[in-house]
Every structure is written in structure tokens, then in C-alpha cells.
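Trainee: Take this structure first; my questions come after.
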Amino acid sequence: MADEQAPAEQQLLLQKIYIKDCSFESPRTPGIFQSSADTQTLLNIRSDSRQLDADHVEVTLTVNIKSVIGEDTVFLIELVQAGTFVLTGFEPDERLTALGNVCPATLYPFAREAIADVANKGGFPQLLLQPLDFATMFAQNMQQRAAQAERENTAPGGLATEVKPHD
């Protein structure tokens, strides 16, 4: 009987979740509270990861929000929601999907809650960010990277997912 190795069991575990950075600015307060004009909210989301050791990875989800009335900034919020994850037994493409899709999707609800609280504590109505489809955003990002790599005649590299939906 040949000595066969069993495939490594895949494991993706959330070890710790934390806010790595958070900032809030409202340069036009208190005067902006007198305005009844409708605001426009711009959202930019980016994820990244870094290897901590053989099995542990830190994944960050950076959420930037800018609320404006015309040319006037109502408020700015930048939040870096982070988590440490254990990833074992994944093939490289599966690992990339876990880091660019599953992990950011895990962090997003925590970021949404923190942002809603920060906006509210800044004197504004609670900002309710809509759920996002990280799987579709990741797939689109990978297609864009592959197309860019093809244009540049190089292989796609790195791991950063950037999304720019807006209201």
C-alpha cells in the first residue's frame, strides 16, 4: 500500500477583531446642523492583508465615508476595522478568495456598527451602511487585475480589494 498523505483540512478561524484606526471630522459644525439640504454620502472600501506567521493573517477593512452638501463637507469618517484569522489547508487561489472575500465580509458588520455609532456621536443621524456583496466585488476586482496584468503582460499580484459604491 502506497503511503498517501491526506489533504490538509481547511480551517478559517476568526481569532480577534478590533478597530485599528478611527477618525471623525466635521469641519462645518455647528453651523452645518442648521442646514436642511440633502446630503450625499460617498463610500470607499478597501481590504488588505498581511501575514503574521505561518498560519495567522491580519486582514484590514478600510472604510472611508464623506458626507457632503454641494461643495461643503458635512463629515468625514475613516475606520480601519481589523481582525486576525487562522488560515490553514487552503490552496493559493482558495486562500486569495478567503482573504479578499470571506474575511472582509466577516469584518464589515463590525465596521458598519462602529460607523453608525461614530456618526451619531458626532451629532448626525445614525449612518446605516447597506450590506455589500463582497463575493461579487472580489470577482470584479480579480477580473480587473487580470485584464490590467494582460495589458501590462505581467501576472496579477498583491491582495487589495477596493470598492467605490456611492448613494
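Trainee: State whether one or more residues within the stretch 108-130 are of a type in the set (V, I, T), without any contact (Cβ under 8 Å) to a residue 40 or more places away in the chain and not in a loop (DSSP other than H, G, I, E, B). Outline the logic, then answer.
Mentor: Residues of the stretch 108-130 of a type in the set (V, I, T): 115, 118.
Subsequent filtering for residues that are without any contact (Cβ under 8 Å) to a residue 40 or more places away in the chain retains none.
No - not one qualifying residue is present in the stretch 108-130.
Trainee: Could you list, in sequence order, all residues of the stretch 8-36 that are under 30 Å from G122 (Cβ atoms), in a loop (DSSP other than H, G, I, E, B) and charged (D, E, K, R)?
Mentor: Start the filter on the stretch 8-36 by keeping residues that are under 30 Å from G122 (Cβ atoms), which leaves 14, 16-36.
Then keep just the ones that are in a loop (DSSP other than H, G, I, E, B); that gives 26-30, 35-36.
Passing the criteria: only R28.
Trainee: Here's something else I'd like to know. Output the residues belonging to the stretch 56-79 that are surrounded by 16 or more Cβ atoms within 10 Å (Cβ to Cβ), in contact with a helix residue (DSSP H, G or I) (Cβ under 9 Å, 6 or more places away or on another chain) and not polar (S, T, N, Q).
Mentor: V57, V59, L61, V63, I65, V74, F75, I77, L79, listed by residue number.
Trainee: Anything in the stretch 95-107 that is of a type in the set (A, V, I, L, M, F, W, C) and either under 30 Å from F24 (Cβ atoms) or assigned to a strand (DSSP E or B) (or both)? List them, or say none. First the steps, then the outcome.
Mentor: Filtering the stretch 95-107 for residues of a type in the set (A, V, I, L, M, F, W, C) gives 96, 98-99, 102-103, 105, 107.
Listed by number, the residues that qualify are L99, V102, C103, A105, L107.
Trainee: Can you pull out the residues in the stretch 37-94 that are more than 22 Å from F110 (Cα to Cα) and outside any loop (DSSP other than H, G, I, E, B)?
Mentor: Scanning the stretch 37-94 gives Q40, V68, I69, D72, T73, V74, T88, P92, D93, E94.
Trainee: Moving on to the next point. Could you check the stretch 42-55 and list, in sequence order, the residues that are surrounded by fewer than 16 Cβ atoms within 10 Å (Cβ to Cβ) and either in contact (Cβ under 8 Å) with a residue 40 or more places away in the chain or under 15 Å from the mean Cα position of the chain (by Cα) (or both)?
Mentor: Step one: list which residues in the stretch 42-55 are surrounded by fewer than 16 Cβ atoms within 10 Å (Cβ to Cβ), which gives 42, 44, 50-55.
Correct list: L42, N44, R50.
Trainee: Sort out which residues of the stretch 115-140 are closer than 17 Å to S47 by Cα and among the small types (G, A, S), and write them in order of number.
Mentor: Answer for the stretch 115-140, where residues must be closer than 17 Å to S47 by Cα and among the small types (G, A, S): A135, A139.
Trainee: So, G31, is that one at pLDDT below 95, among the small types (G, A, S) and in contact with a strand residue (DSSP E or B) (Cβ under 8 Å, 6 or more places away or on another chain) or not?
Mentor: no
Trainee: Moving on to the next point. Determine the pairs where a residue that is free of Cβ contacts under 8 Å to residues at least 24 places away in the same chain and on the phi < 0 side of the Ramachandran plot, located within the stretch 89-101, has a partner that is crowded, with 17+ Cβ neighbours inside 10 Å and of a type outside the set (G, A, S) with Cβ atoms under 8 Å apart, the partner being 6 or more residues away or on another chain.
Mentor: R95/L87
Trainee: For T88, state whether it is surrounded by 13 or more Cβ atoms within 10 Å (Cβ to Cβ), among the β-branched types (V, I, T) and more than 23 Å from P131 (Cβ to Cβ). Break it down stepwise before answering.
Mentor: Values: surrounded by 13 or more Cβ atoms within 10 Å (Cβ to Cβ): yes; among the β-branched types (V, I, T): yes; more than 23 Å from P131 (Cβ to Cβ): yes.
For T88, the condition - surrounded by 13 or more Cβ atoms within 10 Å (Cβ to Cβ), among the β-branched types (V, I, T) and more than 23 Å from P131 (Cβ to Cβ) - is met.
The values are calculated or read from the model by the stated rules, or taken from the named source; none is laboratory data. Remember, predicted model here, so these are calculated numbers, not experimental data. Every residue, glycine as well, gets a Cβ built from its backbone with ideal geometry; the counts of neighbours run over all protein chains shown.
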